[in-house]
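Written out below as structure tokens is the structure these notes cover.
The values are calculated or read from the model by the stated rules, or taken from the named source; none is laboratory data. Source: prediction; values computed, not measured. With ideal geometry, Cβ positions are generated from the backbone for all residues, glycine too; neighbour counts draw on all protein chains shown. Accessible surface is based on the protein model in full, side chains and every heavy atom, while ligands, DNA and RNA are left aside. Shrake-Rupley method; radii C 1.70, N 1.55, O 1.52, S 1.80 Å.
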Amino acid sequence: FAEPDVRAQTSTRHPDISGFWELHYDSLNIPHASLTTKAAAANMQEQEENDRLAIRWCDQIGMPAMMADRQPLDVREGASEVAIVAHAPSSARYIYTDGRPHPPKDEYDPTTNGHSIGHWEGDTLVVDTVYFNDRGVTRLPGGGVRTPDSHLTEHFRLLNNGNNLLVVFTWEDSHVFAKPHTYAYLYYKVANPGLPR
């Protein structure tokens, strides 16, 4: 699947991405990350053990693991924020769309989800996330890890008459990536998974 067109448009109307979204067998488009020499030489066994323990002890898994949950994600769009709730142990993720900036770094306690702000460019929600901590599941799809210095940009866009939600993730961290690492997930809309079928 192709990356969304993220050129700004003048329309103030945008689609509502609310709904239950799940990944299917064909949902992942993940190339290998281009890692720095230091990141490539890092002890991956130690990192894998850290992630296993986070899952074992039901730590808040955080980003990006919550977005890869195989149970449907519950996405709710309001007037000033988008909330995302995963089935896996993770706090709700809030994307503030009311125009606020990120708070000053020295006034914000980093979290596994980081701090996310978003704005609409035409039919694409562009999300900027910073201020991660080093807890939870920190391995990234395609290689590398999430660190307190990581910067994540996402593009959310509805496709196929609202039946699919394409999310393109781009991670930047000069300690981890030789160049920005981009991958995509294609979610499928499902009926409320809590109701009988």
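Residue separation times 0.36 nm, minus the C-alpha to C-alpha distance between ALA178 and SER91: what's the value?
28.3 nm
Counting only protein heavy atoms and using a 1.4 Å probe, what share of the accessible area of the range 142-188 belongs to carbon plus sulfur, as a whole percent?
Solvent-exposed carbon and sulfur of the range 142-188 make up 49 percent of the total.
Hey, what do the phi angles of the range 18-32 turn into as Karplus ³J(HN,Hα) couplings, whole Hz, using 6.51/-1.76/1.60 and θ = phi - 60°, x for Gly and Pro?
These are the phi-based 3J(HN,Hα) values: 4, x, 9, 10, 10, 8, 10, 4, 9, 7, 9, 10, 10, x, 6 Hz.
By the scheme Lys and Arg +1, Asp and Glu -1, what is the net charge of all other residues having a beta-carbon under 13 Å from that of VAL176?
That works out to 0.
In terms of modelled amide H atoms, which long-range or inter-chain residues lie less than 5 Å from the amide H of GLU121?
Placed amide hydrogens put VAL126 under 5 Å from GLU121.
Separation of the range 160-190 and the range 56-102 by C-alpha centroid, Å?
Distance between centres, Cα-based: 15 Å.
Take THR36, project a point 7 Å from its Cα along the Cβ direction, then tell me which residues of the range 137-162 have their backbone nitrogen under 20 Å from it.
Correct set: 138-153.
For ALA33, what residues show an amide H to amide H distance below 5 Å, using hydrogens built from the backbone and excluding near sequence neighbours?
Here GLY143 satisfy the definition.
Counting only DSSP beta bridges with both residues in the range 94-196, tell me the antiparallel percent, nearest 5.
Counting only bridges with both partners in the range 94-196, antiparallel ones make up about 90 percent.
When you have a sec, figure out the Kirkwood radius of the range 71-163 from all distinct Cα pair distances and drop it here in Å to one decimal?
By the Kirkwood definition, the hydrodynamic radius is 14.4 Å.
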